[in-house]
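Input: a single structure, listed below in structure tokens.
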Amino acid sequence: MADPTPEPPPAVPASHGWLIAFAALLGTVGVPVAVWCAMRGYDAFDPMCGTGGEGGIACATRAFVVTLMSILPGLLIGVVAGLRLAARRDC
């Protein structure tokens with residue numbers, strides 16, 4: 001009796017790690033830049049920020065802190081977006 005021919009191993013799915021990493025990097029950089037621009041726009045309409053002195057320092061510090069706080073949410077948004085894009089590419 002003849003031995004059956006072995007079947008080739010199943011193909012390894014393509015990795016989308018580069019896509020997820022790129023989306024995470026884009027979110028980590030893009031979201032804080034957008035937040036910084038939004039804070040600059042907000043400060044332009046805030047009457048306290050145009051006076052100089054302590055008001056100007058407070059507005060600059062607030063914009064800096066809010067921009068720094070947006071880095072982690074930007075990373076998470078980028079990772080989720082990358083995972084969704086990778087899932088759509090598999091279909």
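The values are calculated or read from the model by the stated rules, or taken from the named source; none is laboratory data. Not measured: the values here are computed from a predicted model. Positions of Cβ are generated from backbone atoms using ideal geometry, with glycine treated the same way; all protein chains shown enter the neighbour counts. Note: areas computed on protein heavy atoms with side chains; ligands, DNA, RNA excluded. Shrake-Rupley method; radii C 1.70, N 1.55, O 1.52, S 1.80 Å.
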Which of Ala44, Ala81, Ala63 fluctuates most in a GNM of the chain (C-alpha springs under 10 Å)? That residue is Ala44
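Just check the stretch 49-91 against the gyration tensor rule for me: Cα atoms, a ≥ b ≥ c as the square roots of the eigenvalues, rounded for a/c under 1.5, and otherwise prolate or oblate depending on whether a/b exceeds b/c.
In terms of gyration-tensor shape, prolate.
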Share of accessible surface on carbon and sulfur in the chain, whole %, 1.4 Å probe and ligands ignored, is 74
The relative contact order of the chain, taking Cα pairs under 8 Å that sit 6 or more residues apart, comes to a percentage of 47
Options [x] 6.3; [y] 6.8; [z] 7.9 are given for mean projected area of the Cα convex hull in nm², and the computed one is [z]
With the dipole of the chain defined by +1 on each Lys or Arg Cβ and -1 on each Asp or Glu Cβ, the option from Gly50, Gly17, Ala34 whose Cα lies farthest towards the positive pole is Gly50
Residue-normalised value, i.e. accessible area per residue, for the chain at 1.4 Å probe, in Å², stands at 78
In degrees rounded to 10, the 0-90 angle between helix 17-45 Cα long axis and the longest Cα principal axis of the chain is 20
